[in-house]
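Undergrad: Mind having a look at this structure? Questions to follow.
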Amino acid sequence: MNGGGGFWAMGGYARFVWPCFALALGVLFWNLWSARRHHAQALRRAERALAMAGREGR
Amino acid sequence: MWTWFYRLASPPYVYRIAAAFAPWLLGVAGALIVYGLIDGLAFAPRDYQQGDAFRIIYVHVPASSLSVMAYTLMAVAAAIGLIWRIKVAYAVAAAVAPIGASFTLLTLVTGSLWGKPMWGTYWAWDPRLTSELILLFLYFGVMSLRAAFEDPNRGDRAAALLAIVGVVNVPIIHFSVVWWNSLHQGATILKLGKPQIDASMALPLYAMLLGFLLFFGGVLCLRLRGEVLNRERQASWVREAVKS
Amino acid sequence: MSIGTGAALSLLLRRELCLSFRRPDQLLQPLVFFLIVTTLFPLALSPELTLLREMSPGVLWVAALLASLLSMDGLFRGDAEDGTLEQLALSGQSLGVVVVAKTFAHWLVSGAALVLVSPLVATALAIPVEAFPIMMLSLALGTLTLSWLGAIGAGLTVGLRRGSVLLSLIVLPLAMPLLIFGANATDRAIGGESAAGALYFLAALCVFTSSLAPLAATAALRITLE
Amino acid sequence: MSAHSKRLDVDQVHVFRGDRHVLQGVSLKLEAGEIVHVRGPNGTGKTTLLRVASGLLRPEQGSVRWGGRAIGEVRAEYQAALAYASHEPALKSDLTGLENLRFTVGLKRSVADAELREALEQAGVAGCADLPVRVLSAGQRRRVTMARILAMRAALWLLDEPFTNLDTVGGQLLTQMLDEHLRQGGSALVVAHQAVTLKASVRPLDLAA
């Protein structure tokens, strides 16, 4: 285990290491969330298109 | 043998298998990343020169390699779309762009956070970070060009062409930035190269690299489903997809 | 049968130049823009000559790039709007010949004109006269390369209403290498050192872009025309 | 004056504009000496059909063949045999009538100015030869386009609303031009919302809504 004020201090570089990892997880979860939202929107748009198509009796 | 490849061009098939692959890819990726984080942050020994700051490579390096790989994949999908007029290929290219851009952004921020302890400033025009910055502009160009067209088909083709032109220029840009950097600063004090890492440091890095790659694949599958749906609104199979 | 490519090229070149000189005001705009932008820097920084000489290659090149990009949006837009672009596409000549002729004609009236005006600007930026030949050569190569990249951007954005900002956003990242080599060549010329290295890279970039960009620009135009 | 035409086959053409299915399996055959009048309310894809026939627009499905071969393969020959007049008279307003002809017809075949002036004469706009198109009226511009089509000596005419902005004299002139073109073995595909009455028999093609 590394010393220097314990694990959280990151040898004095905590100010730089932890934000990096926080942002990394942020980007990973943003991608997941955005992909799901994108798919949901696509489904809604498809439903609307189908509903319109249905009405025009095409 | 070719039927497998040929079926990849059919939207309903891709829509289904993307749904099947995504959970597996994301699951394995999640495990690898968790392991990589724990091992990399807690157990890997400190770098004799950079101390604990070097741990940033465990997110910086996977993100930067993904950002370039994603752009290349986007260009390949774009080329397949343009040459064989396969709608799914355009959907892949459209799906990859935001993911690649997000990793490019991650690379830039982690790179500058890593630069601060090393060079004392958040941005020292390091050649690799500058190339990443220009790559972000290229991503942004492709995405805004696609969005500028009302007709999605034409937007896909225009963005595809720009992606191909962009990928041809990526190495040229990188070379000229490295050349430019070597002129003005001489060798930077500590090049942002990968520090020589021994086995115990390397294992978590490979885990993170593979983890990010699989994660990229999983998110691509999810986003691809939306893109395929957007381009197939008229098709009959969409009715079942919407109902289920 | 239709006329040969050479004859078509010269005819199209004459058409473009004839069209350009019918609107001389639009020819002058990029040049005046070039002068104005370069005058901004001494005002913003300081008239002190030694400092200016330090900044002058960068200022000259950035101003030249932006001035060239200014008129790039109109490369195909004029013909697309009045329907003549369709006639050109159906003229029996390959679209590539049309793109090459239009882009080269555009470079003559914008890029080459900038090169001719550049000594004026260079003197204002305290660039020594000895550096003029290398500077003008590098500017010529740089603006030609940029015209080819701009043709791709113009081809992609011709169908869009407000395409000009997007055009710059697409072209500028691709133009960064030529800015690096061009500005460096001028910088060395000012310093009296040999600018051969940078010039060779710039020339290589120009040849590479001049050979591939027409294909890309034609494909871009075809996407928008269809 | 016009070259002899080959057979034009438009076969089951489908075109989508975004979500709209603009052309749904349209087909047509056009032999030498024949004329087809494309009719239908606005927005039924009349112009789209013309653009597909000219090769400007590639259909999602279906094919266009000239003399039995796909126009993609015989692009140069097909374009040489083609005169396309779009809805708007495609002229550069900064150039004179003669210059407009010189830079469009001249791309197809080497042609002397005298011949171009004669075509303008035939279209009744000889006076406009040396005036910038900017100052011409819409009718005069339409006639300059007619002169361009005459001077091209094309086998196949694709005309989109050619009668717009034409006065009665102009209309008659265009009708004579069409008859003469068909008599010499040319063929024509004309989009017009008003009637097209010629000596030759006009085959209508109605595009449903």
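The values are calculated or read from the model by the stated rules, or taken from the named source; none is laboratory data. Since this is a predicted model, take the numbers as computed values, not measurements. Cβ sites come from the backbone with ideal geometry, for glycine too, and all protein chains shown count toward neighbours.
Undergrad: Sort out which residues of segment D:190-209 are over 22 Å from residue D:165 (Cα atoms) and not in a strand (DSSP E or B), and write them in order of number.
TA: D:199, D:200, D:201, D:207, D:208, D:209
Undergrad: Which helices (runs of 4 or more DSSP H) does segment B:1-87 wholly contain that include 3 or more residues that are exposed (fewer than 15 other Cβ atoms within 10 Å of the Cβ) and within 13 Å of another protein chain (Cβ to nearest Cβ)?
TA: Of the helices (runs of 4 or more DSSP H) lying wholly inside segment B:1-87, those with at least 3 residues that are exposed (fewer than 15 other Cβ atoms within 10 Å of the Cβ) and within 13 Å of another protein chain (Cβ to nearest Cβ) span B:11-38.
Undergrad: Which residue is surrounded by the most Cβ atoms within 10 Å (Cβ to Cβ), if the candidates are limited to segment D:120-141 and must be within 13 Å of another protein chain (Cβ to nearest Cβ) and in contact (Cβ under 8 Å) with a residue 40 or more places away in the chain?
TA: Selected residue: D:141.
Undergrad: Of all residues in segment A:12-45 being buried (at least 20 other Cβ atoms within 10 Å of the Cβ) and farther than 18 Å from residue B:70 by Cβ, which is modelled with the lowest pLDDT?
TA: Here the residue is A:13.
Okay, residues lined up against (1) within 14 Å of chain D (Cβ to nearest Cβ); (2) within 21 Å of residue C:72 (Cβ to Cβ):
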residue: C:9; (1), (2): yes, yes
residue: C:15; (1), (2): yes, yes
residue: C:24; (1), (2): yes, yes
residue: C:32; (1), (2): no, yes
residue: C:36; (1), (2): no, yes
residue: C:41; (1), (2): no, no
residue: C:50; (1), (2): no, no
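Undergrad: Considering only segment C:104-144, how many residues are closer than 29 Å to residue C:217 by Cα and of a type in the set (A, V, I, L, M, F, W, C)? Lay out the reasoning, then the answer.
TA: To start, the set of residues in segment C:104-144 that are closer than 29 Å to residue C:217 by Cα comprises C:104-118, C:135-144.
The next check asks that each one be of a type in the set (A, V, I, L, M, F, W, C); those that pass are C:104-105, C:107-109, C:112-117, C:135-137, C:139-141, C:144.
Of the residues in segment C:104-144, 18 are closer than 29 Å to residue C:217 by Cα and of a type in the set (A, V, I, L, M, F, W, C).
Undergrad: Now for a different question. So which residues in segment D:126-148 are part of a helix (DSSP H, G or I), touching a Leu at 6+ places or on another chain (Cβ under 7 Å) and more than 13 Å from residue D:162 (Cα to Cα)?
TA: D:126, D:128, D:133, listed by residue number.
Each row is one residue, and each column tells you yes or no for (1) in a loop (DSSP other than H, G, I, E, B); (2) at positive phi; (3) surrounded by fewer than 19 Cβ atoms within 10 Å (Cβ to Cβ).
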{"position": "C:123", "(1), (2), (3)": "no, no, yes"}
{"position": "C:131", "(1), (2), (3)": "no, no, no"}
{"position": "C:178", "(1), (2), (3)": "no, no, no"}
{"position": "C:181", "(1), (2), (3)": "no, no, no"}
{"position": "C:193", "(1), (2), (3)": "yes, no, yes"}
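Undergrad: Now for a separate question. If residue C:57 passes every condition in (1) out of contact with any Asp or Glu (no Cβ under 9 Å at 6 or more places or on another chain); (2) more than 12 Å from chain D (Cβ to nearest Cβ); (3) surrounded by 24 or more Cβ atoms within 10 Å (Cβ to Cβ) but one, which one does it miss?
TA: Just one mismatch for residue C:57, condition (1).
Undergrad: If you scan segment C:157-212, which residues turn out to be among the hydroxyl-bearing types (Ser, Thr, Tyr) and either over 18 Å from the mean Cα position of the chain (by Cα) or closer than 20 Å to residue C:111 by Cα (or both)?
TA: C:164, C:168, C:186, C:194, C:200, C:209, C:210, C:211, listed by residue number.
Undergrad: Right, something else. Checking residue C:188 against (1) part of a helix (DSSP H, G or I); (2) surrounded by 22 or more Cβ atoms within 10 Å (Cβ to Cβ): exactly one of these is not met. Which one?
TA: (2)
Undergrad: I would also like to ask the following. Got a sec? Which of A:51, A:35 is in a helix (DSSP H, G or I), of a type in the set (Gly, Ala, Ser) and more than 9 Å from chain B (Cβ to nearest Cβ)?
TA: Numbers: A:35 fails: more than 9 Å from chain B (Cβ to nearest Cβ).
Matching residue, one of A:51, A:35: A:51.
Undergrad: Further question: Is it the case that residue B:115 is more than 10 Å from chain A (Cβ to nearest Cβ), assigned to a helix (DSSP H, G or I) and not aliphatic (A, V, I, L, M)? Talk me through it step by step, then tell me what you get.
TA: Values: more than 10 Å from chain A (Cβ to nearest Cβ): no; assigned to a helix (DSSP H, G or I): yes; not aliphatic (A, V, I, L, M): yes.
It is false that residue B:115 is more than 10 Å from chain A (Cβ to nearest Cβ), assigned to a helix (DSSP H, G or I) and not aliphatic (A, V, I, L, M).
Undergrad: How many of the residues making up segment C:163-201 are closer than 26 Å to residue B:141 by Cα, more than 10 Å from chain B (Cβ to nearest Cβ) and not polar (S, T, N, Q)?
TA: 1
Undergrad: I've got another one for you. Which of the numbered conditions does residue D:117 fail, given that it passes all the others? Conditions: (1) assigned to a loop (DSSP other than H, G, I, E, B); (2) surrounded by fewer than 23 Cβ atoms within 10 Å (Cβ to Cβ).
TA: With (1) assigned to a loop (DSSP other than H, G, I, E, B); (2) surrounded by fewer than 23 Cβ atoms within 10 Å (Cβ to Cβ) applied to residue D:117, the lone miss is (1).
Undergrad: Keeping to segment B:85-105, report how many residues are under 27 Å from residue C:226 (Cα atoms) and under 12 Å from the mean Cα position of the chain (by Cα). Even if it seems obvious, please write down each step before you answer.
TA: Within segment B:85-105, the subset under 27 Å from residue C:226 (Cα atoms) is B:85-97.
Now narrow it down to the ones that are under 12 Å from the mean Cα position of the chain (by Cα): B:93, B:95-97.
Residues in segment B:85-105 being under 27 Å from residue C:226 (Cα atoms) and under 12 Å from the mean Cα position of the chain (by Cα): 4 in total.
Undergrad: Report, by residue number, each residue of segment A:5-32 that is outside any helix (DSSP H, G or I) and either within 8 Å of another protein chain (Cβ to nearest Cβ) or touching a residue at least 12 places away in the same chain (Cβ under 8 Å) (or both).
TA: Once the filter is applied, which keeps residues that are outside any helix (DSSP H, G or I) and either within 8 Å of another protein chain (Cβ to nearest Cβ) or touching a residue at least 12 places away in the same chain (Cβ under 8 Å) (or both), segment A:5-32 yields only A:13.
Undergrad: Another question, if that's okay. Among (1) of a type in the set (Gly, Ala, Ser); (2) surrounded by fewer than 23 Cβ atoms within 10 Å (Cβ to Cβ); (3) in contact with a helix residue (DSSP H, G or I) (Cβ under 6 Å, 6 or more places away or on another chain), where does residue C:118 come up short?
TA: For residue C:118, the exception is condition (2).
Undergrad: If you check every pair at least six apart or on different chains, which have Cβ atoms under 8 Å apart with a residue in segment B:96-124 that is free of Cβ contacts under 8 Å to residues at least 40 places away in the same chain first and a residue that is assigned to a loop (DSSP other than H, G, I, E, B) and among the aromatic types (Phe, Trp, Tyr) second?
TA: B:112/B:122; B:112/B:123; B:116/B:122
Undergrad: Hey, could you check segment B:134-174 for residues that are surrounded by fewer than 24 Cβ atoms within 10 Å (Cβ to Cβ) and aromatic (Phe, Trp, Tyr) and say which is farthest from residue B:73 (Cα to Cα)?
TA: Applying the filter and picking the extreme gives B:149.
Undergrad: Right, another one. Residue B:155: farther than 23 Å from residue A:20 by Cα, modelled with pLDDT under 95 and in a helix (DSSP H, G or I), yes or no?
TA: Yes: the conditions hold for residue B:155.
Undergrad: Counting only residues that are among the hydrophobic types (A, V, I, L, M, F, W, C) and more than 8 Å from chain C (Cβ to nearest Cβ), which one in segment D:91-119 is nearest to residue D:133 (Cα to Cα)?
TA: D:98
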